[in-house]
1. Taking the stretch 29-83 as the region of interest, how many residues are more than 8 Å from ligand 1 (Cβ to nearest atom), in a strand (DSSP E or B), of a type outside the set (A, V, I, L, M) and within 17 Å of residue 101 (Cβ to Cβ)?
2. Name the residues in the stretch 51-89 that are more than 12 Å from ligand 2 (Cβ to nearest atom) and among the β-branched types (Val, Ile, Thr), would you?
3. Would you pick out the residues in the stretch 471-492 that are assigned to a helix (DSSP H, G or I) and at pLDDT 85 or above?
4. Consider the stretch 275-292. How many of its residues are at pLDDT 85 or above and either open to solvent by 60 Å² or more (accessible area, probe 1.4 Å) or among the basic types (Lys, Arg) (or both)?
5. Counting just the residues of the stretch 90-111 that are within 13 Å of ligand 2 (Cβ to nearest atom) and of a type outside the set (Gly, Ala, Ser), which one comes out most open to solvent (accessible area, probe 1.4 Å)?
6. Do we find a residue being more than 23 Å from residue 467 (Cβ to Cβ) and in contact with a helix residue (DSSP H, G or I) (Cβ under 9 Å, 6 or more places away or on another chain) anywhere in the stretch 599-606?
7. Given the condition in contact with a Gly (Cβ under 7 Å, 6 or more places away or on another chain), open to solvent by less than 50 Å² (accessible area, probe 1.4 Å), closer than 17 Å to residue 94 by Cα and not acidic (Asp, Glu), answer yes or no: does some residue in the stretch 38-56 qualify?
8. Just to be sure, is residue 435 modelled with pLDDT under 90, β-branched (Val, Ile, Thr), open to solvent by less than 50 Å² (accessible area, probe 1.4 Å) and under 46 Å from the mean Cα position of the chain (by Cα)?
Amino acid sequence: MGDFIQLLPDHVANQIAAGEVVQRPASVIKELLENSIDAGASHIQVVIKDAGKTLIQVVDDGRGMGLTDARMSFERHATSKIKTAEDLFSLKTKGFRGEALASIAAIAHVELKTKTEEEEVGTCIRIEGSTISSQEPCVNPKGTSICVKNLFYNIPARRNFLKSDAVESRHIIDEFQRVALAHPHINFSLHHNGSELFQLPDTNYRQRITNIFGGKTNEKLVPVNEDTEIVKISGFVGKPEFAKRSRGEQFFFVNDRFIKSPYLNHAVVAAFEGLLKDKAYPSYFLYLEVDPKSIDINIHPTKTEIKFDDEHSLYAMLRSAIKHSLGQFNVAPVLDFDRDANLDTPYSYNNKNAETPKVEVDRNFNPFKNDGRASNYNPGDSSYRKEFSPSWESLYSGIENENPSGSGPDQMEFESEEVTGSLFSTQEEKPEASTFQLQKKYIVSTLKSGILVIDQNRAHSRILYEELLKNITISAAVSQQLLFPLKLPFSTQEIEMLKEIKDSLEQTGFIFSEIERDTVEISGIPTLIAESEVGMLLEQLFSDFENDVPDNGFSQTDLLAKSMAKSMAVKSGTALNNSEQQHVANRLFACKEPSLTPFNKSIFITLTVDELEKKFT
Ligand code: ADP
Ligand code: MG
């Protein structure tokens, strides 16, 4: 038998390596940006077309490469950054594998133009599928310009696997921001399809963060500083009241490299304990400096996870540093140990009855009255209820069917008589008796055969979801015009997302009068929501789209409706009067799918007399 094992040809090996290094256009951006930084650039420009699928160009004014280096740079494992394995433990550069350029050149059309300070003329190399197609002298200022065209042109499967331009450009912006946040002293710009997304001048950390996330960010930032033997911590955390509904503004950098660390994230969240609303994520931009010897960045090929020698101490220091800052800047509540006696209740007040504190609320807002246009609800109109009775009926008979043994034949007859009428028919004269609210969370109703308990928040989210879906897909909803347009600040990333879902949002009743780079002017909102809720609703929306980015129009509409329904649904803890309770119940059972929320959670439960009786045995 002959020998079967052969070495793979270089271009095949490179293609395989490319699979590791280059997952999408954003990976190319990351590698090229890091190379420019390693080359000591002070200005870096990025230009992309069609979310990087057609063109990615990175131009820097770094040290450039001489002729031989320029050719060498495309060889696999060719790097100027480490020479021995020991060098790995004192790494000061971003790159070290010497794989990026070789990988990129294996799966795209690449043109490299570069020149060093000393050279008179530069070098231009064109390479595609690992084969150099031309090499000639060229005119180039000091620095390097790399053009990557037609990414994955020779791997159709990978190319087809790419997501929509919107999604891919979101990934690119993510990578761009991570690098730009770590290097505020470098000028960066990003252009997409001819329009400028970012123009970031040389500045300090605080200003860089503000330039990226919008003008309003500055006032939200609380500085964090801690210098210990094992770590130097600097950066900022967002004030708790500005906590976001998404993880979009959470950044750790270790020795100027963006990293992900669930463990350290936990330390930050722990420092915020008790200060955050439910489901709110604190913003943070934290820069850690550690001895390169004490970390291992080698464990993950795309290098966003690293291993620390002493994770536990790091955790403790980070947590206390942030706690300290939050306390120092009076963000955290002051503990009440030595209370000022002047603040105690004066004697004369001691025997008075406490008055209910007055809370300022938007009294005009009532989620149930506002949406009358959809259902023409009128509590006094009994025909309204009858309209919905069939659904109730089926629910009712559903309980019966489940427990056929529970009722004798005459009872059955009696009940079927009930079923033909409206559910509330027995209380027609005093409808207050038919439902009550439990713990401001559940709507409870008695049925002839038992008890029905509805989760008000979930029920309302189902109702709104179906209604929104109808509005978006069939007919545009009515808008409520704002007397004074709302101006809301958002990040570039969020603005890009907004543009993407703008059409669907307008179907729900939003009117966007102006969309700028970091603000949106809204002159009309859906009648279902209050003006004060708009910011929160959009933020939730962006966060939902960030974590789950549908490509096709249908699922985009669906996600939009789900997200808005979730934000707008009446919360647990909201008192509802009787007609509101019944309104929810009636509309719920007029829904196509009354038993489950859009997120597949149960909306109501029933407890039959039978089941009750069992409990009493
Ligand atoms: P690595 O960055 O891991 O060394 P790369 O494949 O990204 O590997 O780059 C190979 C080499 O090419 C680098 O070590 C560097 O010497 C050179 N190089 C790449 N990009 C640039 C650039 N923009 N300016 C100067 N030199 C560069
Ligand atoms: Mg590199």
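1. So the count comes out to 1.
2. The answer is 54, 56, 59, 68, 84.
3. Our first condition is that a residue be assigned to a helix (DSSP H, G or I); within the stretch 471-492, this holds for 471-473, 492.
492, the sole residue that qualifies.
4. So the count comes out to 3.
5. Of the residues in the stretch 90-111, the ones within 13 Å of ligand 2 (Cβ to nearest atom) are 91, 93-105.
Pick out the ones that are also of a type outside the set (Gly, Ala, Ser) and you get 91, 93-94, 96-97, 99, 101, 104.
Working: 91: 23, 93: 37, 94: 19, 96: 15, 97: 63, 99: 38, 101: 21, 104: 3 Å².
Step by step, filter the stretch 90-111, then rank; the result is 97.
6. Taking the stretch 599-606 and keeping what is more than 23 Å from residue 467 (Cβ to Cβ), we get 605-606.
Subsequent filtering for residues that are in contact with a helix residue (DSSP H, G or I) (Cβ under 9 Å, 6 or more places away or on another chain) retains 606.
Scanning the stretch 599-606 turns up at least one residue that is more than 23 Å from residue 467 (Cβ to Cβ) and in contact with a helix residue (DSSP H, G or I) (Cβ under 9 Å, 6 or more places away or on another chain).
7. The answer is yes, given that some residue of the stretch 38-56 is in contact with a Gly (Cβ under 7 Å, 6 or more places away or on another chain), open to solvent by less than 50 Å² (accessible area, probe 1.4 Å), closer than 17 Å to residue 94 by Cα and not acidic (Asp, Glu).
8. On the way: modelled with pLDDT under 90: yes; β-branched (Val, Ile, Thr): yes; open to solvent by less than 50 Å² (accessible area, probe 1.4 Å): yes; under 46 Å from the mean Cα position of the chain (by Cα): yes.
Answer is yes for this residue.
The values are calculated or read from the model by the stated rules, or taken from the named source; none is laboratory data. Predicted model, so just to flag it, every value in this text is computed and none were measured. Cβ atoms come from the backbone with ideal geometry, glycine included; neighbour counts cover every protein chain shown. Surface accessibility is based on the protein's heavy atoms, side chains included, excluding ligands, DNA and RNA. Shrake-Rupley method; radii C 1.70, N 1.55, O 1.52, S 1.80 Å.
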